[in-house]
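Right, one structure below, let's go through it.
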Amino acid sequence: MSNKHGNLSISSDNIFPIIKKWMYSDHDIFYRELISNGCDAITKLKKLEMMGEYTLPADYKPEIHVIVNPDDKTLTFIDNGLGMTADEVEEYINQIAFSGATDFLEKYKDKANEDQIIGHFGLGFYSAFMVADEVHIDTLSYKDGATAVHWECDGGTEFDMKDSDRTEVGTKITLFLNEDALEFANEYRAREVIEKYCSFMPVPIYLTKANAEPQYETIQPEDKLDTDTVIETIVEEAKTEEKENENGEKEVVEVSPRTEKLKILKRPVPLNDTNPLWTKTPSECTDEEYKAFYRKVFMDYKEPLFWIHLNMDYPFNLKGILYFPKINTEYDSIEGTIKLYNNQVFIADNIKEVIPEFLMLLKGVIDCPDLPLNVSRSALQNDGFVKKISDYISKKVADKLIGMCKTEKESYEKYWDDISPFIKFGCLKDTKFCDKMNDYILFKNLDDKYLTLPELLKEDEKAEENTEGNTEDTKAEDTASDNASDADKTADTASDSDEKDERKPIYYVTDPVQQGQYIKMFKEQGMDAVILNHNIDTSFISQLEQRNEKFKFMRIDADLTDSLKEENAEETKETEETLSKVFKDTLKNDKLTIKAAKLKNPDIASVITLSEEGRRMQDMMKMYAMNGMGGMDTSMFAADQTLTLNTSHPLVQYILNHKDSEHVPMFCQQLYDLAVLSNQPLSVDAMTKFIQRSNDIMMLLAK
């Protein structure tokens, strides 16, 4: 080939500087692009052999070598792929954006499986100019009679081509690094970048430092390979010791025999795993392999709870492993990592178009060769196909969780507290996921028993039947009075029956310690509640209510259910006005509602209840404030309080009978504070007054 000088064929005078500076957000990504091109070249050559168009040498081993030379400020990439002819260099290098991979696929689309060809755009090679002042290519095509080609360009729009002295099929690319990019010629920096982008590429990648001192290792002679370079044979003579035998005589005994070992040049070790775990079928993988892969990829030495192995060939190719990590924090502070690969080439972390948002809380890898990547391979084109992939991943996660709930209920329950934030967040973000998971969400009750929503509703029905049975027994003792009461009640409620909320209540607890008094009252009457103590639960139960019209969630302190009260409506109505006036005069709180009831537990004097709607609004406002949406007074959304006084308690009876006593105001305030304390902490000022008042009461007793 005669020497040739010419101009790169580009569509605009300024496209090359744009490619150099702005095509990729991370300049270290040129490693990925050049190594990927080498992988493509090797893959193409192997496919040509499969199709009978080329015969590989008997000792052929696909390899990519990266050589760093900090002294010369160069970086070299060598592959033993199919190489290029002068015409192909002209076509694929000199005409920017004409993809060799695309052309190869078009030519052999009926003969080869295209899944393993990485390149799509033909621009990856030019990423080299982001870090290099000059780039040289030396390449020899696999074709019979081909002449090796040398190509060079200094980063402008001009190039030079001539014959090369390369004798091996394949391509060598040499980068003459600019002063700002000398870090990439550092062996440790190169290793870091290659492991970041190329840890699982399908061709072995070897890193060496030019002019480095040779390294050696010692092996047994029987372990020698044909490719080993033996430096010397190391002989260790037999060792003997003088010992006394059983007859008491001294003799020389051999304690270790004569051995020979071989000192060889250290065998090169590839930086990458060419067969990562996700490329295998789940039946080929052991639990220990899954855990080891997790530790290696995510540098997390806490064992994952469990994992989901994705393996799909139709209607698109997708493989991967998603791990559910063990967490000890609330969902909003969890940081997961889903690494996205394309044919084992790392693309990016947490690409939201592919990974459902709620699954970004997990850790895992997903490899999808069918992804429609943009020109830099690091982002996705806006494609409806991507949404299908996202939906599929979400579906597979739901299927795995449902399968666990059905067939491994014990394990599912064991993991539930850790995985529930993921699942609830998924239900909030993904309607289809929520539809599938609706009957497999677990609720832990007061006895630490896990129940699904259908099981929970069935348990509540049983509890109601038991309560109704007890009520019938009580009514039989005094039918006259109860019948009258029922008649009054029917008359009172008939007019507003249309407005009554007929949804079945599911009671829940947010703080088992703080709400201990309410829990005790429930348990005494054979009633149950579920524990919902995550930040996400407020939003989650609101969504469940919107999707299910037959039930509603009520916190255990939202109301006093009839099951906790004795029926004596006339007496209650008669005393309620008196108690309400006394307490309101003392507490000076117009927003407080006072009710009187005869509670079944005679030891409880007063109980505070908060309206469910008002408390949820207050919780929501507090959450907005914590998320930086402050500027509003959250106290204005305070839930309506109701103070229920137990007319069966002696203290309440004392107030009724001695409402003009000088001690009654003190008793009223104390009963109110005690009721608040059993519901939530007192404010600083209220607590100070409560302590002083408690001392005053004890002083009265001491006199």
Problem set entry | Residue match in the stretch 179-187 (condition: aromatic (Phe, Trp, Tyr), surrounded by 20 or more Cβ atoms within 10 Å (Cβ to Cβ), over 30 Å from Ile366 (Cα atoms) and at pLDDT 90 or above) | no
Seminar exercise, completed: Of those in the stretch 656-676 that are under 50 Å from the mean Cα position of the chain (by Cα) and closer than 15 Å to Ile697 by Cβ, the residue most open to solvent (accessible area, probe 1.4 Å) is Leu674
Problem set entry | Single residue of the stretch 600-635 satisfying the filter (more than 21 Å from Tyr508 (Cβ to Cβ) and among the hydroxyl-bearing types (Ser, Thr, Tyr)) that is modelled with the highest pLDDT | Ser606
For this session: State which residue pairs qualify: first residue closer than 10 Å to Leu262 by Cα and touching a residue at least 40 places away in the same chain (Cβ under 8 Å) and inside the stretch 217-242, second residue part of a strand (DSSP E or B) and basic (Lys, Arg) in any location, beta carbons under 9 Å apart, and separation of 6 or more residues or different chains.
Result: Glu217/Lys263; Thr218/Lys261; Thr218/Lys263; Ile219/Lys261; Ile219/Lys263; Gln220/Lys261; Pro221/Lys261
For this session: With the condition kept exactly as written, say whether any residue in the stretch 535-545 is surrounded by 15 or more Cβ atoms within 10 Å (Cβ to Cβ), of a type outside the set (A, V, I, L, M, F, W, C) and either on the phi > 0 side of the Ramachandran plot or assigned to a strand (DSSP E or B) (or both).
Result: no
For this session: Would you please list the contacts, defined by Cβ atoms under 6 Å and residues six or more apart or on different chains, that run from a residue in the stretch 643-663 that is over 15 Å from Asp585 (Cα atoms) to a residue that is among the basic types (Lys, Arg) and modelled with pLDDT under 90?
Result: Thr644/Lys595; Thr647/Lys598; Ser648/Lys598
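Would it be correct to say that Thr55 is crowded, with 20+ Cβ neighbours inside 10 Å and hydroxyl-bearing (Ser, Thr, Tyr)? Before the answer, list the steps.
Details: crowded, with 20+ Cβ neighbours inside 10 Å: no; hydroxyl-bearing (Ser, Thr, Tyr): yes.
So Thr55 does not fit the description; no.
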Exercise. Taking Glu213, is it outside any strand (DSSP E or B), in contact with a Lys or Arg (Cβ under 7 Å, 6 or more places away or on another chain), free of Cβ contacts under 8 Å to residues at least 12 places away in the same chain and open to solvent by 20 Å² or more (accessible area, probe 1.4 Å)?
Worked result: no
Problem set entry | Odd one out for Phe176, checked against (1) aromatic (Phe, Trp, Tyr); (2) under 18 Å from Phe30 (Cα atoms); (3) at pLDDT below 90 | (3)
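Scanning for something crowded, with 18+ Cβ neighbours inside 10 Å, of a type outside the set (A, V, I, L, M, F, W, C) and in a helix (DSSP H, G or I), does the stretch 283-297 turn up at least one residue?
Just the residues of the stretch 283-297 that are crowded, with 18+ Cβ neighbours inside 10 Å, to begin with: 290, 293-294, 297.
Going one step further and asking which of them are of a type outside the set (A, V, I, L, M, F, W, C), we end up with 290, 294.
Keeping just the survivors that are in a helix (DSSP H, G or I) gives 290, 294.
Yes, there is a match, as at least one residue in the stretch 283-297 is crowded, with 18+ Cβ neighbours inside 10 Å, of a type outside the set (A, V, I, L, M, F, W, C) and in a helix (DSSP H, G or I).
Restricting attention to the stretch 517-524, does a residue exist that is over 32 Å from the mean Cα position of the chain (by Cα), modelled with pLDDT under 85 and not in a loop (DSSP other than H, G, I, E, B)?
Step one: filter the stretch 517-524 for residues over 32 Å from the mean Cα position of the chain (by Cα), giving 517-524.
Filter once more, so that each one left must be modelled with pLDDT under 85: none.
Looking for residues that are over 32 Å from the mean Cα position of the chain (by Cα), modelled with pLDDT under 85 and not in a loop (DSSP other than H, G, I, E, B), one finds none in the stretch 517-524, hence no.
So that you can scan it fast, the table gives a plain yes or no per residue for (1) at pLDDT 55 or above; (2) open to solvent by 40 Å² or more (accessible area, probe 1.4 Å); (3) in a loop (DSSP other than H, G, I, E, B):
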{"site": "Lys61", "(1), (2), (3)": "yes, yes, yes"}
{"site": "Gly83", "(1), (2), (3)": "yes, no, yes"}
{"site": "Phe98", "(1), (2), (3)": "no, yes, yes"}
{"site": "Thr102", "(1), (2), (3)": "no, yes, no"}
{"site": "Glu106", "(1), (2), (3)": "yes, yes, no"}
{"site": "Asp115", "(1), (2), (3)": "no, yes, no"}
{"site": "Gly119", "(1), (2), (3)": "no, no, yes"}
Exercise. How about the stretch 219-240: which of its residues are surrounded by 10 or more Cβ atoms within 10 Å (Cβ to Cβ) and assigned to a strand (DSSP E or B)?
Worked result: Ile219, Val230, Ile231, Glu232, Thr233, Ile234, Glu236, Lys239, Thr240
Exercise. List pairs: first in the stretch 252-271 and of a type in the set (Gly, Ala, Ser), second open to solvent by 50 Å² or more (accessible area, probe 1.4 Å), Cβ under 7 Å, 6+ apart or cross-chain?
Worked result: Ser256/Lys239
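Out of the residues in the stretch 382-401 that are small (Gly, Ala, Ser) and at pLDDT below 85, which is nearest to Trp416 (Cα to Cα)? Working first, answer last.
So the first thing to find is which residues in the stretch 382-401 are small (Gly, Ala, Ser), and the list is 384, 390, 394, 398.
Of the ones still in play, those that are also at pLDDT below 85 are 384, 390.
Values: Gly384: 34, Ser390: 24 Å.
Out of the qualifying residues, it is Ser390.
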Exercise. If Ala639 passes every condition in (1) at pLDDT below 80; (2) at negative phi; (3) open to solvent by 50 Å² or more (accessible area, probe 1.4 Å) but one, which one does it miss?
Worked result: (3)
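The values are calculated or read from the model by the stated rules, or taken from the named source; none is laboratory data. Remember, it's a predicted structure, so these values are computed and weren't measured experimentally. All Cβ positions, even for glycine, are placed from backbone atoms using ideal geometry, and neighbour counts span all protein chains on display. Surface accessibility is based on the protein's heavy atoms, side chains included, excluding ligands, DNA and RNA. Shrake-Rupley method; radii C 1.70, N 1.55, O 1.52, S 1.80 Å.
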